[in-house]
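The values are calculated or read from the model by the stated rules, or taken from the named source; none is laboratory data. Since this is a predicted model, take the numbers as computed values, not measurements. Positions of Cβ are generated from backbone atoms using ideal geometry, with glycine treated the same way; all protein chains shown enter the neighbour counts. Note: areas computed on protein heavy atoms with side chains; ligands, DNA, RNA excluded. Shrake-Rupley method; radii C 1.70, N 1.55, O 1.52, S 1.80 Å.
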Amino acid sequence: DSGVGGFTVLRKVIELCPNNSFIYLADTARLPYGVKTTHEIVNIAEEISSWFGCQNIDAFLVACNTTNAIALDVIKKNLDVPVFDLIGSAASTVQESRVGVIATPSTVKSKAYTSAILEFKPKTYVIEQSCPEFVPMIEMDNIYSNEIIDIAIRYLQPLLRQRIESLILGCSHYPLITPLLDKVLPTNVKLIDP
């Protein structure tokens with residue numbers, strides 16, 4: 001993953017598999033991934049998966065939703081171990097018929113969440129919202145300001161107007177602002193954190 005977001009995923013994996021050892025790569029040099037071009041993401045995915053291919057790993061989890069959305073096939077091609085992704089995992093848990101997704105611009109542009117959800121539940125209404133300001137603010141630990149609350153309200157309004165019943169956090173950084181989202185969202189909207 002790029003930056004601190006992947007630690008939210010790593011923490012969950014460690015809880016589920018406490019007896020395993022992990023190698024985590026936080027690509028802070030190229031942060032954020034969510035605004036990069038498809039070509040850039042594919043190149044990063046090739047480089048990182050090639051490096052991990054030399055690390056004697058048993059499995060690989062792509063913690064970055066943008067990389068999942070754009071270059072999962074590249075990673076699977078480069079590695080001879082099981083590759084797990086967050087988008088398919090989150091999509092398989094959707095029960096509601098009206099689903100919102102907040103994610104990075106590149107993830108939203110790919111429509112990967114919409115495709116994955118419709119594969120599992122074809123009659124679901126899915127609306128995706130790009131949230132380009134979240135990752136930089138989270139990386140700067142600016143998650144308690146009035147500014148991020150105003151930004152969250154602005155991003156969520158189009159989703160709430162569509163009467164979403166659940167909201168997928170489509171970026172590994174977003175669980176870090178769950179308390180903020182809980183304050184802004186109506187209580188009937190279920191949060192899904194892949």
Residues whose modelled amide H sits under 5 Å from the amide H of GLN129, counting only those 5 or more places away in sequence or on another chain, are VAL101, ILE102, ALA103
Quick one: Karplus J couplings for segment 85-91, per residue in order, coefficients 6.51, -1.76, 1.60, θ = phi - 60°, nearest Hz, x for Gly and Pro?
10, 8, 5, x, 4, 5, 4
Computed [θ] at 222 nm, helices only, for the chain once each DSSP H run of length n ≥ 4 contributes -39500 (n - 2.57)
-14000 deg cm²/dmol
Helix axis angle, 6-16 relative to the chain longest principal axis, alpha carbon, degrees:
80
Neighbourhood net charge (14 Å Cβ-Cβ; Lys/Arg +1, Asp/Glu -1) for ALA45:
-3
Pairwise Lys count, the chain - Cα closer than 24 Å, eight or more residues apart or different chains
19
Helix 65-78 vs. the chain, principal-axis angle (Cα, 0 to 90°, nearest 10):
20
Residue-wise HN-Hα coupling along segment 178-189, computed from phi with Karplus coefficients 6.51, -1.76, 1.60 (Hz; x: Gly, Pro):
3, x, 5, 5, 4, 6, 8, 7, x, 5, 7, 9
Cα-based shape type of segment 72-118, given that a ≥ b ≥ c are square roots of the gyration tensor eigenvalues and the cut on a/c is 1.5:
oblate
For CYS54, put the label point 7 Å out on the Cα→Cβ axis and report which residues of segment 81-104 keep their amide N under 19 Å from it.
81
Solvent-accessible area per residue, Å², over segment 39-119 with all protein chains present [probe radius 1.4 Å]
46
Nearest-0.05 FRET efficiency for ARG161 and VAL13, computed from C-beta distance (R0 45 Å)
0.80
If amide H atoms are modeled at 1.01 Å from N in the peptide plane, then the residues at a separation of 5 or more from LEU191, or on another chain, having amide H under 5 Å from its own are LEU167
Within the chain, what's the longest run with no chymotrypsin sites (Phe, Trp or Tyr not before Pro) in a DSSP loop and at most 14 other beta-carbon atoms within 10 Å? Give the range, please.
25-143
Carbon/sulfur fraction of accessible area - the chain, other protein chains in place, 1.4 Å, %
53
